[in-house]
Amino acid sequence: QVQLVESGGGLVQPGGSLRLSCVASGIIFSAYTRTWYRQAPGKQRELVASITSGDSRNYIDAVKGRFTISRDNAKNTVYLQMNSLKPEDTGVYYCNGRLSHREYWGKGTLVTVSS
């Protein structure tokens, strides 16, 4: 059974940092394109950052220079380091793994940026 489990969310003040983790089980995560999505209240889910099996990274403009996606293949884990957080970064962050027709989602972790 495939599972993706996110952790690391929480409440943080503007300007603060958080590191999200997504641990996969049941698949070789490094073979997948691994993506972080987020969904703000009342908005559609959007892609935030992704990393391919070849380590090519992609970010939306809103997080470039502030967020970094990385991976630890030995731990079957992908991370999202989030710095200089803003209130508009608030939302539920989801981990996604996609390889050809196979796609898996985690249940999400809540990030709240507020003073």
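Structure values in brief
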| quantity | calculated |
| --- | --- |
| Mean Cβ neighbour count within 10 Å, used as a protection proxy, ranking 26-33, 97-104 highest first | 26-33, 97-104 |
| Inter-probe distance in nm under a simple model that places probes 7 Å from Cα toward Cβ, at Asp72 and Ser17 | 1.6 nm |
| Evaluated at q = 0.17, 0.18, 0.19, 0.21 Å⁻¹: base-10 log I(q)/I(0), Debye formula over Cα of the chain | -0.75, -0.84, -0.93, -1.13 |
| Surface share of carbon and sulfur [accessible, 1.4 angstrom probe, percent] for the chain | 46 percent |
| Residues Thr52 and His101, FRET efficiency given R0 of 25 Å [Cβ-Cβ distance, rounded to 0.05] | 0.90 |
| Inter-probe distance in nm under a simple model that places probes 7 Å from Cα toward Cβ, at Ser114 and Thr33 | 3.5 nm |
| Segment Asp61-Glu88, extension gain: residue separation times 0.36 nm, minus the distance between their alpha carbons | 8.4 nm |
| Accessible surface, segment 41-99, averaged per residue in Å² (probe 1.4 Å) | 52 Å² |
| Length-normalised contact order of the chain in % [C-alpha pairs under 8 Å, at least 6 apart] | 37 percent |
| Segment 1-68: translational diffusion in µm²/s, Stokes-Einstein, Kirkwood Rh over Cα pairs, 20 °C, 1.002 mPa s | 157 µm²/s |
| Expected-Rg normalisation [2.2 N^0.38 Å, Cα atoms] applied to segment 53-115 | 1.24 |
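The values are calculated or read from the model by the stated rules, or taken from the named source; none is laboratory data. Because the structure is a prediction, the values reported are computed rather than measured. Using ideal geometry, Cβ is built from the backbone for each residue, glycine included, and neighbour counts are taken over all protein chains shown. Surface accessibility is based on the protein's heavy atoms, side chains included, excluding ligands, DNA and RNA. Shrake-Rupley method; radii C 1.70, N 1.55, O 1.52, S 1.80 Å.
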